[in-house]
Amino acid sequence: MSIDQTALRWLRWGCTVCAPKSFAATVTLMAAVASIAAQSAQAQSGLPVLTSPLGTAPAAPGRDGQLPPGAVAPAGQGAGQHSPNSPFAPLPVRSDVVPWSMLTDVKMKTRGGRPLPEFPDPVRALNGTVVRVQGFMMPLAPGEKQTHFLVTSVPLTCSFCTPGGPESMLEVRTRTPVKYGMEPVVVEGRLQVLEADPMGIFYRMTAATPVK
């Protein structure tokens, strides 16, 4: 069984067992598998296996579910923090991509006993449109080339941690295989803004193609 198939099985299990206790549980499982696949892809491609441990202490959210001003979210939650110890440079500024500052501007609201994302109007307006997003590639299967992967706002922290919460990740399916690398990638495709995805994904891009 491939890592991709294993990830989906874990995701289905997580949706049944973890929800509604942990909305991000399925995304955490998906990203954890992606992290392991990334390490495998790096080894197969001859790239060094690097990590970027966080150098700041996380803070817990308040009663409203939001972090205090200036606080750092725990690893695997929130918009993600680019560690100053990371060997990867931050994403370059580009005017042709949807910024992560926009995509991560999400609040959570409990509906039907389940915490769900509440997107602002500018983000909702992107649903169904063709956009470009840049980020760091997280494979969902071993191998040098990928057609199903995650793009994240910040690079991996370690093999067992997710860079941020579901608002910091984009699930991507491409028309043709994309070569894995540790440099930032830019993908263009039709964006889906998911209000209540059963797997806990906030954003999905289909029929995507890599762009320079």
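The values are calculated or read from the model by the stated rules, or taken from the named source; none is laboratory data. All of these numbers come straight from a predicted model, not from anything done at the bench. In this analysis, Cβ positions are derived from the backbone assuming ideal geometry, glycine residues included, and neighbour counts consider all displayed protein chains.
Based on what the data block shows, is residue 176 polar (S, T, N, Q) and under 26 Å from residue 89 (Cα atoms)?
Working: polar (S, T, N, Q): yes; under 26 Å from residue 89 (Cα atoms): no.
For residue 176, the condition - polar (S, T, N, Q) and under 26 Å from residue 89 (Cα atoms) - is not met.
Please verify whether region 121-129 includes one or more residues that are assigned to a strand (DSSP E or B) and at pLDDT 95 or above. Checking region 121-129: not a single residue is assigned to a strand (DSSP E or B) and at pLDDT 95 or above.
Within region 78-116, which residues are in a loop (DSSP other than H, G, I, E, B) and of a type in the set (Ser, Thr, Tyr)? Listed by number, the residues that qualify are 83, 86, 95, 104. Between 183, 144, the distinction of being over 20 Å from residue 79 (Cβ atoms), surrounded by 13 or more Cβ atoms within 10 Å (Cβ to Cβ) and modelled with pLDDT of 90 or more belongs to 144 only.
Screening residue 172 with (1) at pLDDT below 95; (2) out of contact with any Cys (no Cβ under 7 Å at 6 or more places or on another chain) gives one miss only, at (1). Scanning region 77-107 for residues that are farther than 23 Å from residue 130 by Cα, loosely packed, with under 13 Cβ neighbours inside 10 Å and of a type in the set (Gly, Ala, Ser) yields one hit, 89.
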